[in-house]
Amino acid sequence: VQLQASGGGLVQAGGSLRLSCAASGRTFSSYAMGWFRQAPGKEREFVAAITWGGGSTRYADSVKGRFIISRGNTKNTAYLQMNSLKPEDTAVYYCAARTSRNVVTTSAGYDYWGQGTQVTVSS
């Protein structure tokens, strides 16, 4: 499975961005997808995840109420709508997929990773 993340960019505080993650190649019958981020000098951290069917989601406390994760109709695409962005949201954002329907919040639980897309929020 190959994951391609896109949609990053530079935005002012309070603005919005929408990240996309498209899966291609060998596809499994079902897999959950997630987003992680890594700021300079910090460890990679969980942001959000969604089950195969999209019926269950998980969010980090730091983004709850501001970010929304969703899946496309064909299930091979995941989105992260980011609203009310803050300077502390600045990071490289990675999408990930795991060969299981349910979600987990640890990076070790994901089998495939995209290349990352830079999000920069200016104050």
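Summary of values
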item: Distant-in-sequence amide H partners of PHE67 (H built 1.01 Å from N, under 5 Å); result: ASN83
item: Solvent exposure of the chain as accessible area per residue, Å², 1.4 Å probe; result: 49 Å²
item: 12 Å cut-off, amide nitrogen to a point 7 angstrom out along SER30 Cα→Cβ, residues in region 73-110; result: 100-103
item: Taking the chain and dividing mean pair separation by its residue count, relative contact order in percent (alpha carbons under 8 Å, at least six apart); result: 37 percent
item: Amide H within-cut-off set for GLY9, under 5 Å, with H built and near neighbours excluded; result: VAL119, THR120
item: Spread of Cα-to-Cα distances over 10 Å intervals beginning at zero, given as percent, for the chain; result: 15, 51, 29, 6, 0
item: Apportionment of accessible area to carbon and sulfur, the chain, percent (1.4 Å); result: 45 percent
item: Under Karplus coefficients 6.51, -1.76 and 1.60, residue-wise ³J(HN,Hα) of region 64-70 in Hz, glycine/proline x; result: 4, x, 10, 9, 9, 9, 8
item: Amide hydrogen neighbours beyond the local backbone of VAL47, cut-off 5 Å, H modeled; result: TRP35, PHE36, ARG37
item: Among beta bridges that DSSP assigns inside the chain, antiparallel share in %, nearest 5; result: 90 percent
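The values are calculated or read from the model by the stated rules, or taken from the named source; none is laboratory data. Fair warning: this is a prediction, and the values are worked out from it, not measured in the lab. So basically every Cβ, Gly included, is an ideal-geometry build from the backbone, and we count neighbours across all protein chains shown. Surface accessibility is based on the protein's heavy atoms, side chains included, excluding ligands, DNA and RNA. Shrake-Rupley method; radii C 1.70, N 1.55, O 1.52, S 1.80 Å.
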